[in-house]
1. Of all alpha-carbon pairs in the stretch 23-89, indicate the percentage at a distance above 14 angstrom.
2. Tell me, what is the 1.4 Å probe accessible area of D176, in Å² to the nearest 10?
3. Can you compute 3J(HN,Hα) from phi for each residue in the stretch 189-196, using the Karplus curve 6.51 cos²θ - 1.76 cosθ + 1.60 with θ = phi - 60°, rounded to whole Hz and x for Gly and Pro?
4. What are the radius of gyration and Dmax of the stretch 138-224, computed over its Cα atoms and given in Å?
5. For W286, what accessible area in Å² do you get when you roll a 1.4 Å probe over the heavy atoms of the protein chains, rounding to the nearest 10?
6. Where the eigenvalues come from the Cα gyration tensor of the stretch 223-347, what are the semi-axes √(5λ) of the equivalent ellipsoid, largest first, in whole Å?
7. Determine ³J(HN,Hα), in whole Hz, for all residues of the stretch 141-147 in sequence, where each value follows from phi through the Karplus function 6.51 cos²θ - 1.76 cosθ + 1.60 and θ = phi - 60°; x replaces Gly and Pro.
8. Could you list the square roots of 5 times each eigenvalue of the Cα gyration tensor of the chain, that is, the equivalent ellipsoid semi-axes, sorted largest first and rounded to whole Å?
Amino acid sequence: MGDPVLAEPGGIQNLPVGERPRGISIDDFNNDGRMDIAVANADSDTVTILLQGDDSGQFIRQDYDAGNEPSDIETGDFDRDGDMDAAIANHETSSVTVLLNDGVGRFSPAPGSPYETEAEPHLHGLAVGDFDDDGWLDIAADSSDTDAVVMLRGSSEGFTLVDPLVAGRFPYYRIDSLPTASGSDILVPSPRAHRVSRIAPRQVTAQQPALIGDAEGAMMVISANLNGDDRADVVAVMNGAVIMWAAEDSGFSVLPDMPVPFDTPTEIAAGDIDGDGRDEVVVGLWDDDRIHILSSEGTSLGAVRACYRPAALAVADLNGDARAEIAAGCWNDEKIMIFDAADILLD
């Protein structure tokens, strides 16, 4: 394995990774009950795995080849062996690299990886879920030039490309999975149709996607638990703003006082930072070094200074105190920053 990386004292940690960290996923990769970190390094063509050690603040680093320009990373147990694997979108290509975990946090390419998706012009982001309800995780990606979402269907034999899913006009950039009572849907932003939609592949693949809500220039969408009722809500980046919808019995309703204006919002993530059972939303801007924090109702809770263009964000409880930390990738530095929820001072 790699060398130990010691976190700095206090509420901010700087952890070395590869060049231009572009995506972050947090999960327990070695089944020791502690959350670990995976980082897609776009300019290094690698994924950095940071395994949390026995000592508080210590991580063990190991880098793995991850294909051309990793632009997004999602985790899931693709081979159903009880540990978390990784899927990586290879930007400027239509391929997905899949790395399988050996159970102790060591990764190797899956048989057949990288997998061809035929996405046009190339991949941006991925969504992972059991979209066809067969018990195996699938991988979906945007294919903006063909107005489709492409999907790799998971099975005991690996992944198979299936027919594209109708996604409406120009699905683009960051898609996500939406947990529902009947399975997992795919959330799709469309900056040209100015809307966010959902696709349910297990139902009728040829149907038009269902509308979540209008959002001018929508380019990134995530699911979140905004009201603590365990139903997945939706948050999206749109032109100059962030917008939130709450799940209801009959669909989704936009929250009051939406959208929340920002100057060039680029990245969002959600997690329960204050431990109240509801997710806060963090926002990174294209030309700023701050991470803005919104309450579950969309009220500004302030900002924390990070690094220039924090275009990779994740929110998860790393230290087991029931409050989530914020992880941010630094566009111009070979590092990510971790902000401890207990010590963040919002200004």
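1. 55 percent
2. 30 Å²
3. Whole-Hz 3J(HN,Hα) from phi for the stretch 189-196: x, 10, x, 8, 8, 6, 7, 10.
4. Rg, Dmax (Cα atoms, Å): 12.3, 41.
5. 90 Å²
6. Details: eigenvalues 105, 63, 26 Å².
The answer is 23, 18, 11 Å, longest axis first.
7. 8, 7, 10, 4, 6, 10, 6
8. Result for the chain: semi-axes of 28, 25, 18 Å.
The values are calculated or read from the model by the stated rules, or taken from the named source; none is laboratory data. Since this is a predicted model, take the numbers as computed values, not measurements. Cβ coordinates were reconstructed from backbone atoms using ideal geometry, including for glycine residues, and neighbour counts include every protein chain displayed. SASA here: full protein model, heavy atoms, side chains in, ligands and nucleic acids out. Shrake-Rupley method; radii C 1.70, N 1.55, O 1.52, S 1.80 Å.
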